[in-house]
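Let me begin by presenting the structure, written as structure tokens, before commenting on it.
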Amino acid sequence: MLNLRTSPANFCFMPMLLLIAITNISGCSKKPPIPQEGDIVVWKYNSALIFKAKLGQRREHVIADPRTDHRFYEPEYEKFIGQFPIDYKPKPFPKFTEQEQIAFEAEYATKIHAVKSGHDIEFNLMLNGVTAKATDNSLHGGNRKMDDPNQVKVLLKSYSAYPITTNLGVNKILRNTSESFKFDYMRNLDEGSKESNYGIDCYLIIGGKGGKRCFGKSTTPSISGFKFYMSPVFKSKIRVISNELIYGGIKVEWFTAPHNINRAREIDAAIWRLLEAWNISPVTTPIQNNH
């Protein structure tokens with residue numbers, strides 16, 4: 001994680017041609033500082049998506065298991081951009097030049113790649129002008145609730161747009177969200193049960209006892225859409241996924257309370273708008289956006 005804090009008390013310095021903080025310089029024994037609101041950071045998702053952002057509202061730490069918390073809680077390496085209103089418009093930063101890109105990639109490759117580099121890039125959005133406390137409580141599994149009913153938690157997960165060669169030597173082509181829903185899901189869905197609301201199509205799962213799978217077309221032209229599962233049992237939150245081939249492949253995963261799902265296309269548009277606004281990589285074609 002690269003953190004552009006400039007306090008000499010927190011860093012060992014060396015001459016640099018680029019405005020990039022180096023947090024793991026040989027001979028510097030101090031840990032990187034914990035990112036604070038207002039800091040400017042540069043974080044890499046992949047070569048086509050490099051974030052430069054001014055950090056927003058911080059979140060509180062929730063101890064899930066006291067026995068293992070110390071192993072995984074590394075606030076100095078977390079990549080949480082902040083919690084923002086859904087209409088937030090970040091200050092733009094200049095794109096890297098090709099030379100800056102090369103230098104950044106070379107410096108990034110020297111980092112320790114273990115738990116410290118394995119944190120997802122994350123940010124939260126807030127609906128309806130509401131402000132609330134944010135936490136790092138994981139929403140994966142069970143019936144865990146959002147920090148606030150108006151909250152959207154966004155995570156960027158690993159995903160590649162390049163073909164995968166299986167053990168049998170078969171090239172497996174990865175699909176975007178729309179193709180995945182059509183080819184991987186529809187054969188197990190009851191097409192006659194289709195319901196359309198707010199630009200989202202939902203189908204009952206055959207033999208699924210009331211569960212539904214849904215697909216919504218994105219309002220951002222370069223993005224195919226998003227998909228989610230609606231459980232007839234769990235009512236605390238919905239997990240929405242987009243697997244897209246832009247940016248060399250990207251998986252966006254976000255959570256929100258079920259009553260916000262009627263605003264899914266608005267939330268989807270805000271997420272892609274922010275990703276484009278924060279991206280300073282010169283090696284990608286900007287996504288099209290109607291907003």
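The values are calculated or read from the model by the stated rules, or taken from the named source; none is laboratory data. Just so you know, these numbers come straight off a predicted model, no measurement behind them. FYI the Cβ positions are ideal-geometry reconstructions off the backbone, even for glycines, and counts take in every protein chain you see. All accessible areas refer to the heavy atoms of the entire protein, side chains included, with ligands and DNA or RNA removed. Shrake-Rupley method; radii C 1.70, N 1.55, O 1.52, S 1.80 Å.
Rounded to whole numbers, the Karplus 3J(HN,Hα) couplings from phi for the stretch 258-268 are x, 6, 8, 5, 5, 10, 4, 5, 5, 5, 4 Hz, using 6.51 cos²θ - 1.76 cosθ + 1.60 with θ = phi - 60°, and x at Gly and Pro.
With a simple spin-label model that places each label point 7 Å from the Cα along the Cα-to-Cβ direction, the separation between TYR198 and ALA109 comes to 4.6 nm.
Close amide-amide hydrogen proximity is noted between THR135 and GLU60, each under 5 Å apart and 5 or more residues distant or on a separate chain (H modeled in the peptide plane; Pro and chain starts excluded). Please state the shape class of the stretch 176-222: rounded when a/c is under 1.5, otherwise prolate if a/b exceeds b/c and oblate if not, all from the C-alpha gyration tensor. It is oblate, given that a/c is not under 1.5 and a/b is not larger than b/c.
For the stretch 170-276, with equal point scatterers placed on the C-alpha atoms only and solvent neglected, what are the log10 I(q)/I(0) values from the Debye formula at q = 0.10, 0.16, 0.20, 0.23 1/Å, to two decimals? Listed by q, the Debye log ratios stand at -0.28, -0.71, -1.08, -1.35. Holding the Cα-Cα limit at 21 Å, pick out from LYS30/LYS153; LYS194/LYS251; LYS182/LYS237; LYS44/LYS227; LYS209/LYS237; LYS227/LYS251 the pairs that are longer than that. Beyond 21 Å between Cα atoms: LYS30/LYS153; LYS194/LYS251; LYS182/LYS237; LYS44/LYS227.
Counting Lys and Arg as +1 and Asp and Glu as -1 over every other residue whose Cβ lies under 9 Å from the Cβ of ILE86, the net charge comes to -1.
Label-to-label distance for LEU174 and ARG263 is 3.0 nm, based on points extended 7 Å past Cα in the beta-carbon direction.
In the complete set of protein chains, residue-level accessible area for LYS182 is approximately 130 Å², probe 1.4 angstrom.
Put a plus charge on the Cβ of each Lys and Arg, a minus charge on the Cβ of each Asp and Glu, and nothing anywhere else: the dipole of the stretch 175-251 about its Cα centre is then about 280 debye. Each residue was assigned an accessible area with a 1.4 Å probe, and for GLU266 the value is about 80 Å².
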